[in-house]
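So the structure is just underneath, and the comments pick up after that.
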Amino acid sequence: MMMRRLFTETRANHSYSLHHPRNRLFQIVLLSGPLRAEKGWSPRAPSPLPIALLLPSSATPSLLDVAGDITIVVDGESFLLHKFPLVSRSGKIRKMVAEAKDSNTSKLELVNLPGGPQTFELAMKFCYGMNFEITSANVARLRCVAEYLEMSEDYRDENLIERTEIYLNEVVVQSLEKSVEVLSTCEMLPPIGEEVGIPSRCVEAIAMNACKEQLVSGLSRLECDSESTELKSVCLEWWIEDLSVLGIDFYHRVICAMGRMGVRPDSIVASLLHYAQASLKDTGIWNPARTKPTSGMADNDQKTIVETLVSLIPTEKNYSIPQSFLFGMLRMSIMVDATIACKLELERRIALRLGMVSLDELLIPSVRTGDSLFDVDTVHRILVNFLQRIEEEDNEECGYESEGLGSPNHGSLLKVGRLIDAYLAEIAPDPYLSLQKFTAIIEILPDYARVIDDGLYRAIDIYLKAHAMLTENECKKLCKFIDCQKLSQEACNHAAQNDRLPVQMSVRVLYSEQLRLKNALSGSSGDGFPSQRISSGIPSAAMSPRDNYASLRRENRELKLEISRMRMRLSELEKEQMFMKQGMIDKTGNGKTFLTSLSKGIGRIGIFSSTAGGKRQKSGRKSRDGKTGRSRRHSVS
């Protein structure tokens, strides 16, 4: 197909270059033969991607030898064009040309044109009847510039507005991937993009297609159950990576639309996690060692992203959010100084499953200068939320079954007690950790949260060793939290010889050891069960029903604590018995040979004595019978 180019010249016959820094000449490409559409495409039925705009072959042939008669300036770049093809399709240019006739000017300027000179050039190609493709990368800008130039059906059939709408409705909206691509291009559009409704349509299309994928993934889940976990995640969450290219504002709108349309919470959380990793990957959100965000992204942008992602976390109680994600967002919210509401929401969600937290996750670095190495105040608030939840759940219970030995609340409380003791041991060597913050973490937990106090004793001993400048009163105040009766035998032996402990503490340890030895020798249980120490368990008539229920609950907790102590003591005795057996075996050399030889010796003794024994038994029976008879006769006489 032959092709000729016509470069429109100025009145001085100087040609304009397309790549001139200031003036851009619009190049008209005319085809010598008739334009033919692709096979299977018609103006009313768009072809498969890519769609080419095919205009009539009679695209202003009379302009072949006619110089341009109007100059349009867009963002400093000039386009020398012809009035006729422009005014036939653009209502805005028609009005501007009509107004310019009165002032005899041939130069117009379009201010704040959407998409800039590149998009205007595509629109002018459309006016001149030239071929170009509408794609997901330029359809949003073309739709906005068509609205700006008023290229509607009022001026020409199948104008640019209709062509872009066909592409949006029949191509973009039907595909989740195309909708994300178009939505990502809308971030740089002026407000006219919202007026024509491109972002809202893309958001709704993404949510709707995600719901369709969710229905399809129901079958894929059945097919992937027998496959590996990696393949299963690929089958179900392929579209999550596509959303990470969106800005935080559009991403917020998409996730809200997905929640309204019923997308699964696990898919939403997976998308949040991937978006956080993609958008905050340079800030150290998953690295606890880093305490300052990098300068690659503005602090305000980081703060907006963190607060938005936290607000998008699903609120369903029956779905558990990964604790690593929550702690990563909490660290990031502390770094960027997010709002208090954002931090408190993360702390509340972490407290819901505090028993599943690891020690490394709880070691949150502090960003304050001159403060301790770890953020102890945040951990204290998490503990307060956890204990409040435990108390609320206990108050909601109407019966006593939940207070049994296998109560989930009591089990999680014991786990948290062990976790906090390990946390105290980790932060104790910090020389900048004040005694007030250290004791605040200790005293926040109730007594029944610890079966034994060995972990607490170890943490206090480390703190005393790292803070040798504490006064005697401060040491006494710290050691009063240790219950000597809840220390194991090994801890008591260590405490009795520990020079860092106050004298009163050593005396208490020795006294408790003496009581334990006395109880072991006498076989009694010391003070007895808590039920015997408190009362008979019968509610008092002078107490209110609420007080009676609280008293019974306390008594039940102490009973469970006593049973736990007895189990610990039993395990210690079993270990001592095993050590004694092992020692006896080691002394005798080979225990198996000794027992085997001993059994063989006993067997030989039985074999050799069987015959003689039988004979003696018979003779003895005869003699006994004879003697018995004579004795009986003697006794009768």
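The values are calculated or read from the model by the stated rules, or taken from the named source; none is laboratory data. Everything numeric here is computed off the predicted structure, so don't read it as measured data. All Cβ positions, even for glycine, are placed from backbone atoms using ideal geometry, and neighbour counts span all protein chains on display.
Quick look at the values:
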| item | result |
| --- | --- |
| Inter-residue pairs, beta-carbon under 8 Å, first within 16 Å of Lys125 (Cα to Cα) and in the range 150-164, second of a type in the set (S, T, N, Q) and surrounded by fewer than 16 Cβ atoms within 10 Å (Cβ to Cβ), 6+ apart | Arg156/Ser88 |
| Ile192 vs. criteria surrounded by fewer than 22 Cβ atoms within 10 Å (Cβ to Cβ) and in contact (Cβ under 8 Å) with a residue 12 or more places away in the chain | yes |
| Ser78 being of a type in the set (Gly, Ala, Ser) and assigned to a loop (DSSP other than H, G, I, E, B) | no |
| Selected residue (criterion: surrounded by the fewest Cβ atoms within 10 Å (Cβ to Cβ)) from residues of the range 307-335 that are under 20 Å from Leu373 (Cβ atoms) and hydrophobic (A, V, I, L, M, F, W, C) | Ile334 |
| Close pairs from the range 240-252: first under 15 Å from Glu307 (Cβ atoms), partner among the small types (Gly, Ala, Ser) and buried (at least 16 other Cβ atoms within 10 Å of the Cβ), Cβ under 8 Å, at least 6 apart | Gly247/Ser184; Ile248/Ser279 |
| Among the candidates Arg201, Arg221, residue that is modelled with pLDDT of 95 or more, of a type in the set (Lys, Arg) and surrounded by fewer than 21 Cβ atoms within 10 Å (Cβ to Cβ) | Arg201 |
| Looking only at the range 168-189, and only at residues there that are more than 20 Å from Ile255 (Cβ to Cβ) and touching a residue at least 40 places away in the same chain (Cβ under 8 Å), the one that is surrounded by the fewest Cβ atoms within 10 Å (Cβ to Cβ) | Glu170 |
| Some residue of the range 149-161 being small (Gly, Ala, Ser) and surrounded by fewer than 21 Cβ atoms within 10 Å (Cβ to Cβ) | yes |
| Number of the condition not met by His494 [criteria: (1) part of a helix (DSSP H, G or I); (2) at pLDDT below 85] | (2) |
| Of residues in the range 81-95 being part of a helix (DSSP H, G or I) and in contact with a strand residue (DSSP E or B) (Cβ under 9 Å, 6 or more places away or on another chain), the one farthest from Asn159 (Cα to Cα) | Lys83 |
| Subset of the range 419-462 [under 20 Å from Val357 (Cβ atoms), part of a helix (DSSP H, G or I) and β-branched (Val, Ile, Thr)] | Ile420, Ile427, Ile441, Ile442, Ile444 |
| Of residues in the range 83-105 being surrounded by 14 or more Cβ atoms within 10 Å (Cβ to Cβ) and without any contact (Cβ under 8 Å) to a residue 40 or more places away in the chain, the one farthest from Cys186 (Cα to Cα) | Ala100 |
| Qualifying positions in the range 306-363 - of a type in the set (Phe, Trp, Tyr) and free of Cβ contacts under 8 Å to residues at least 40 places away in the same chain | Phe327 |
